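Any read-out appearing in this document is the output of simple, stated calculations on the displayed coordinates, not a laboratory observation. None of these values were measured; they are calculated from a predicted model. Don't worry about glycine lacking a Cβ; one is built from the backbone with ideal geometry, like all the others, and counts go over all protein chains shown.
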Ligand SMILES: Cc1ncc(COP(=O)(O)O)c(C=O)c1O
């Protein structure tokens, strides 16, 4: 039996209608921007394996860091114990995160990084004696993850509809004027994906909007949570998207590219002001949150090695070069729909019916036939490769995208 057949007998895949989805790609090896299948195909990873990969697959430096850490310490409980990779990574993160970040709280993935931020905000106000501040405000088209809290903060959509009985109410705004009218002293925090909303459809916001949200949060004395799970570590061309607007949030969530796509790790960083509200002789003010794999040493070690690559190699310059190429390549698709490019992300929104539009799977199949892995968000086709992609590999991928639209036009 092939791997795909064995998979079909026992597995249940994420975001996959198991009845109608095509057989999963059996991947046996990865190198650079390429994935290799069991039957010998080479496929360019045009979505950075769900937006996590940045330096390429199976990178020798990262492999070595992982192996070295495994020989030393694979894992230890992080309540009551600590270890070098966790401490060093927190030190390094605080050096590069937006100013005023003072503490790092680890978790396992993007959703938990957001979940931690929401719980931190609620308990911050409670510990400070303002428990009435319990409302969250988020943006329309937001996507913050798949756990119950992060789903609540996300836009109501086909992703969340089945789970509505579980969700708590969150106010939703579309612009600064609406935000201003909704802000009051019952608001615990405003949560945004700075500059780029990902799963909501690759929507790019002006930096003035992000700066305006910060100003309003300051005026109304509420917390600002920046969900940089997608945007962090260079994806929008800056190390963190908040830098486009020169703002600092009160709480920032990172994951995905934190470990360069190697291992699940989330981090929620915050200011001394938020952290201090949890310090007390009264133990009930403790932040009662934690996961078995909090601060996993293997994940922290790879994250550190990834930061070394940012330091030692022109990683952000590669993203800038990629951005120029994407602007030119996707620029030629303007007649097809709205084209949006920021950093290493390019998207074209075609006419269609949103995420469930059949266009998505049809286009994905056409790209795959040409050796390019893309997962359109329904009628939004985007390309988000690892930053290490070369100029010629980018040119090849752009050519495949253009050809599917121009030559295989009946496909869509
Ligand atoms: C902005 C944002 N926040 C949170 C998440 C959730 O991350 P994870 O899939 O690691 O739970 C995602 C995932 O796509 C995301 O894009």
(message) One quarter of the convex hull surface, Cα atoms only: what value does that give for region 1-135 in nm²?
(response) 13.5
(request) Rounded to the nearest Å, what's the spacing between the alpha carbon centres of region 333-371 and region 1-40? Just the number, please. (result) 22
(request) Please give the peptides 5-12, 185-192 ranked by average Cβ packing (other Cβ atoms within 10 Å per residue), highest first, as a rough proxy for protection. (result) 185-192, 5-12
(request) Quick one: grab Rg to one decimal and Dmax as a whole number for region 2-71, Cα atoms only, in Å. (result) 14.5, 43
(request) Round to the nearest 0.05 the FRET efficiency obtained for residue 61 and residue 185 when R0 = 51 Å and r is the Cβ-Cβ distance. (result) 0.55
(request) Mind running the shape call on region 108-213? Use the C-alpha gyration tensor, a ≥ b ≥ c as the square roots of the eigenvalues: rounded below 1.5 for a/c, prolate if a/b tops b/c, oblate otherwise. (result) oblate
(message) Starting from the Kirkwood Rh over alpha-carbon pairs, what translational D in µm² s⁻¹ does region 286-344 have by Stokes-Einstein at 4 °C and 1.567 mPa s?
(response) 86
(message) What distance in nm separates the two pseudo spin-label positions at residue 281 and residue 88, each 7 Å out from Cα along the beta-carbon direction?
(response) 4.0
(message) What are the equivalent ellipsoid semi-axes of region 157-314, built from the alpha-carbon gyration tensor (square roots of five times its eigenvalues), in whole angstrom, biggest first?
(response) 26, 22, 18
(message) What is the angle, in °, between the Cα long axis of helix 297-312 and the longest principal axis of the Cα atoms in the chain? Nearest 10 is fine, range 0 to 90.
(response) 70
(request) Restricting to region 144-295, compute how many DSSP beta bridges are antiparallel as a %, nearest 5. (result) 45
(request) As a check on your grasp of the helix formula, calculate [θ] at 222 nm for the chain: sum -39500 (n - 2.57) over DSSP H runs of n ≥ 4, divide by the residue count, round to the nearest 500. (result) -11000 deg cm²/dmol
(request) Multiply the residue gap between residue 208 and residue 406 by 0.36 nm, knock off their C-alpha separation, and tell me the result in nm, one decimal place. (result) 67.7 nm
(request) Can you pull a Stokes-Einstein diffusion coefficient for region 87-149 at 20 °C (1.002 mPa s), Rh from Kirkwood over Cα pairs, as a whole number of µm²/s? (result) 157
(request) Just order 37-43, 221-227, 395-401 by mean Cβ neighbour count inside 10 Å, highest at the front, would you? (result) 221-227, 395-401, 37-43
(request) Rank-order 110-123, 301-314, 371-384 by packing density, defined as the average count of other C-beta atoms within 10 Å over each peptide's residues, highest first. (result) 110-123, 371-384, 301-314
(request) Quick one: among 207, 150, 280, which has the greatest mean-square fluctuation in a GNM of the chain with alpha-carbon springs under 10 angstrom? (result) 280
(message) Quick check: the angle from helix 110-127's long axis to the longest principal axis of the chain, C-alpha only, nearest 10 degrees?
(response) 10
(request) For residue 42 and residue 177, calculate 0.36 nm times their separation in residues minus their Cα-Cα distance, and state this gained length in nm to one decimal. (result) 43.7 nm
(message) Can you tell me the convex hull volume per residue for region 330-378, based on C-alpha atoms, in Å³ to the nearest whole number?
(response) 85
(request) Quickly work out the residue 332-to-residue 291 label distance, labels modelled 7 Å from Cα along the C-beta direction, and quote it in nm with one decimal. (result) 4.2
(message) Using 0.36 nm times the number of residues separating residue 130 and residue 353, minus their current alpha carbon distance, what extension gain do you get?
(response) 76.0 nm
(request) Note down the Stokes-Einstein diffusion coefficient of region 236-304 in µm²/s, whole number, using a Kirkwood radius over alpha carbon pairs, 25 °C, and 0.890 mPa s. (result) 171
(request) Would you look at the GNM of the chain, springs on alpha carbons closer than 10 Å, and say which of 21, 277, 299 moves the most? (result) 21
(message) Using alpha carbons only, how many angstrom separate the centre of region 246-282 from the centre of region 140-185?
(response) 21
(request) Mind putting together the pair-distance distribution for the chain? All Cα pairs, 10 Å bins, whole percent per bin, short to long. (result) 5, 21, 32, 27, 13, 3, 0
(request) Over every pair of different alpha-carbon atoms in region 204-274, take the mean of 1/r and invert it; report that Kirkwood radius in Å. (result) 12.8
(request) Please quote Rg/Rh for region 373-412 to two decimal places, taking the Kirkwood radius as Rh and restricting both calculations to Cα atoms. (result) 1.00
(request) Taking each pair of different alpha-carbon atoms in region 300-404 once, compute 1/r for the pair, average those values, and report the inverse of that mean as the Kirkwood hydrodynamic radius in Å to one decimal. (result) 14.7
(message) Between 0 and 90 degrees, rounded to the nearest ten: what's the tilt of helix 315-331 against the longest Cα principal axis of the chain?
(response) 60
(message) Along the Cα→Cβ direction, 7 angstrom out, place labels at residue 158 and residue 102. What is the inter-label distance in nm?
(response) 4.6
